[in-house]
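Asker: Just passing along the structure, written as structure tokens.
The values are calculated or read from the model by the stated rules, or taken from the named source; none is laboratory data. On a predicted model such as this, the values are computed, not experimentally measured, just so you know. Quick reminder, even Gly has a Cβ in these numbers, built from the backbone with ideal geometry, and neighbours come from all protein chains shown. Each accessible area value is taken on the protein alone, full model and side chains, heavy atoms only, with ligands, DNA and RNA left out. Shrake-Rupley method; radii C 1.70, N 1.55, O 1.52, S 1.80 Å.
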Amino acid sequence: MAHFITFLLVLSLSLTFSLLPETASAQLRQNYYAKTCPNVESIVRNAVTQKFRQTFVTVPATIRLFFHDCFVQGCDASVIIQSTGSNKAEKDHPDNLSLAGDGFDTVIKAKQAVDAVPSCRNKVSCADILAMATRDVIALSGGPSYAVELGRLDGLSSTAASVNGKLPHPDFNLNQLNSMFAAHGLTQTDMIALSAAHTVGFSHCSKFSNRIYNFSRQSAVDPTLNRAYATQLQQMCPKNVDPRIAINMDPNTPRAFDNVYYKNLQQGKGLFTSDQVLFTDKRSRPVVNAWAANSNTFNSAFITAITKLGRVGVKTGRNGNIRRNCDAFN
């Protein structure tokens, strides 16, 4: 009888734990590695700065990698895992094929730098290194610097199938954007702030060609697109353009993380439908106007939004571990 009662107790405890949400942002905190690897932030920053000096692509590639990681199974570095013969990983889903290799390389180089310090070896997760590297590239390109919450574990699974329907597409309208972000506890304001990552980086022509060639029966060119900008895009992206050609998302300050993204929207120079809709839709336009006018209010909203993004689907306890190599499970 005693054994049976013990069994019931264990069963009810295990059920309780299995019902606990995976989002364990409560245990994230600044200075998480103060005792185990006190210099981790400067080690990562030095590695990221070195990579940044080699190529500016480091900036948009790392930010985008973080976003694509967090929106699929949470911020757990599952997007970095390489596919194997028996498993097609997240990074090989069509929506992730355009993730630039420099983002992956940034995290792997930073991990190597951390693990080169004997006391830090195998103590710092790839998920946390990606969160720190994201903060660092934003600051290196002129954006706001902020304290990063740490304490994420690396995820134990990565499948291409898990990416389906989880990432925003360039043709999304405001309702589609809002509902996708809301699924992760992010508000419309957070979504508008995070969209400003498009102030740096580039896009392949195929992602917006419908806006400049075959928008609708009434108009070949999207009427919300600035006319001169549309002509410029047609010159850079002719109809039979090499699919590898990429163009800057911010035509004015492509190498600065700034609020010019919102000024561009006011002029009809948002590259994607999902960018321009933030201005054309009356519900989001006031925020775009406010941030176009004031970079300080934008910066603080961005810090709030990216901190909330970093709390999505965090793995703790048995739901994760610290990977020895960021691109392979232990």
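Asker: Limited to region 168-179, what total is found for residues that are free of Cβ contacts under 8 Å to residues at least 40 places away in the same chain and open to solvent by less than 60 Å² (accessible area, probe 1.4 Å)?
Answerer: 1
Asker: If you scan region 186-197, which residues turn out to be touching a Ser or Thr at 6+ places or on another chain (Cβ under 9 Å) and open to solvent by 50 Å² or more (accessible area, probe 1.4 Å)?
Answerer: Answer for region 186-197, where residues must be touching a Ser or Thr at 6+ places or on another chain (Cβ under 9 Å) and open to solvent by 50 Å² or more (accessible area, probe 1.4 Å): GLN188, THR189.
Asker: Got a number for residues in region 279-319 being assigned by the TED database to the domain that holds MET180 and more than 19 Å from the chain's Cα centre (by Cα)?
Answerer: Adding up the residues that qualify gives 19.
Asker: Hey, another quick one. For residues that are open to solvent by 30 Å² or more (accessible area, probe 1.4 Å), touching a Ser or Thr at 6+ places or on another chain (Cβ under 7 Å) and under 14 Å from PHE208 (Cβ atoms), tally how many sit in region 238-269.
Answerer: Matching residues across region 238-269 total 2.
Asker: So in region 98-119, with the set limited to residues that are hydrophobic (A, V, I, L, M, F, W, C) and without any contact (Cβ under 8 Å) to a residue 40 or more places away in the chain, which one is farthest from ARG324 (Cα to Cα)? Please lay out each step first, then the result.
Answerer: First pass over region 98-119, keeping only residues hydrophobic (A, V, I, L, M, F, W, C): 99-100, 104, 107-108, 110, 113-114, 116-117.
Now drop any that are not without any contact (Cβ under 8 Å) to a residue 40 or more places away in the chain, which leaves 99, 116.
Numbers: LEU99: 22, ALA116: 12 Å.
Selected residue: LEU99.
Asker: With GLY143, GLY151, GLY165, GLY201 as the choices, which residue is within 18 Å of TYR262 (Cβ to Cβ) and over 14 Å from the mean Cα position of the chain (by Cα)? Before the answer, list the steps.
Answerer: Numbers: GLY151 fails: within 18 Å of TYR262 (Cβ to Cβ); GLY165 fails: within 18 Å of TYR262 (Cβ to Cβ); GLY201 fails: over 14 Å from the mean Cα position of the chain (by Cα).
The conditions single out GLY143.
Asker: Give the number of residues within region 270-320 that are farther than 30 Å from SER125 by Cβ, surrounded by fewer than 19 Cβ atoms within 10 Å (Cβ to Cβ) and hydrophobic (A, V, I, L, M, F, W, C).
Answerer: Final tally of qualifying residues: 2.
Asker: In addition: What tally of residues in region 105-130 results from selecting those that are in a helix (DSSP H, G or I) and either open to solvent by 20 Å² or more (accessible area, probe 1.4 Å) or in contact with a Lys or Arg (Cβ under 7 Å, 6 or more places away or on another chain) (or both)? Give the steps one after another, and end with the answer.
Answerer: Of region 105-130, the ones in a helix (DSSP H, G or I) are 105-115, 118-120, 126-130.
Restricting the remaining residues to those that are either open to solvent by 20 Å² or more (accessible area, probe 1.4 Å) or in contact with a Lys or Arg (Cβ under 7 Å, 6 or more places away or on another chain) (or both) gives 105-106, 108-109, 112-113, 115, 118-119, 126-129.
Going through region 105-130 one residue at a time, the tally reaches 13.
Asker: Hey, can you tell me all the residues within region 205-237 that are open to solvent by less than 50 Å² (accessible area, probe 1.4 Å), touching a residue at least 24 places away in the same chain (Cβ under 8 Å) and of a type outside the set (Lys, Arg)?
Answerer: Within region 205-237, CYS205, PHE208, SER209, ILE212, ASP222, LEU225, ASN226, TYR229, LEU233, CYS237 meet the criteria.
Asker: With open to solvent by 50 Å² or more (accessible area, probe 1.4 Å), touching a residue at least 12 places away in the same chain (Cβ under 8 Å) and within 16 Å of the chain's Cα centre (by Cα) as the only criterion, which of GLN50, GLN73, GLN82 stands out?
Answerer: Checking each option against the conditions leaves just GLN73.
Asker: Residues of region 135-167 being over 28 Å from THR84 (Cβ atoms), part of a loop (DSSP other than H, G, I, E, B), open to solvent by 30 Å² or more (accessible area, probe 1.4 Å) and in contact (Cβ under 8 Å) with a residue 60 or more places away in the chain, which ones?
Answerer: Residues satisfying the conditions are GLY142, ALA147, GLU149.
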